[in-house]
Amino acid sequence: MGGSTDQVGALQVGAALAEAAPYLLLLSATPHQGKTDQFLRLMQLIDRDSFPDEGSVSRDRVHPFVIRTEKRAAIDAEGQPLFKPRLTRLHAVAWQNRHSSQQRLYEAVTEYVRHGYNQALAAKQRISAS
């Protein structure tokens, strides 16, 4: 629904229901997919006055309206975990000459994650804090 524009039926139906209903609960596995305009449309269904424009969408302003439950914390009616714990292991790979292109790709991606991603994240945090 958030991916819709004001002219698309799904958002129009959502807006009509939000207007008519005394209470509104939106459920989504991924409410914010990196697109502030789409997330803004969802937040405006909940409270248009609190979210008049994209500049009003910030972590602090959204916090009272959003409950985030991580998958690892999800439980059933008896209080039992819904998902098994995730277990990760590091396995060393012995590169052979025939894997040289795969090795270069792996090293390039690793370099990006170590440096480029962290720089982009730091830059985004500086912009969000402004």
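I'm told THR30 meets every condition in (1) at pLDDT 85 or above; (2) within 30 Å of GLY14 (Cα to Cα); (3) out of contact with any Gly (no Cβ under 6 Å at 6 or more places or on another chain); (4) not hydrophobic (A, V, I, L, M, F, W, C) except one. Can you identify the failing condition by its number? With respect to (1) at pLDDT 85 or above; (2) within 30 Å of GLY14 (Cα to Cα); (3) out of contact with any Gly (no Cβ under 6 Å at 6 or more places or on another chain); (4) not hydrophobic (A, V, I, L, M, F, W, C), THR30 is out only on (1). Within segment 34-47, restricting attention to residues that are free of Cβ contacts under 8 Å to residues at least 24 places away in the same chain and either within 15 Å of ILE67 (Cα to Cα) or of a type in the set (S, T, N, Q) (or both), the residue that is least open to solvent (accessible area, probe 1.4 Å) is MET43.
For segment 2-98, which helices (runs of 4 or more DSSP H) that fit wholly inside it have 1 or more residues that are on the phi < 0 side of the Ramachandran plot and in contact with a Phe, Trp or Tyr (Cβ under 8 Å, 6 or more places away or on another chain)?
Here the list reads 36-46, 59-62.
Checking each residue in segment 76-130 for being among the hydroxyl-bearing types (Ser, Thr, Tyr), surrounded by 11 or more Cβ atoms within 10 Å (Cβ to Cβ) and modelled with pLDDT of 90 or more picks out only TYR106. Only one entry in ALA29, ALA73 is aliphatic (A, V, I, L, M), free of Cβ contacts under 8 Å to residues at least 24 places away in the same chain and open to solvent by less than 70 Å² (accessible area, probe 1.4 Å), namely ALA73.
What about PHE65, is it touching a helix residue (DSSP H, G or I) at 6+ places or on another chain (Cβ under 9 Å) and open to solvent by 80 Å² or more (accessible area, probe 1.4 Å)? In short, no.
The values are calculated or read from the model by the stated rules, or taken from the named source; none is laboratory data. Note that the structure is predicted; figures quoted are calculated from it, not measured. Cβ: placed from backbone, ideal geometry, glycine included. Neighbour counts: every protein chain shown. Protein only, heavy atoms only, side chains kept; ligands, DNA and RNA dropped before computing areas. Shrake-Rupley method; radii C 1.70, N 1.55, O 1.52, S 1.80 Å.
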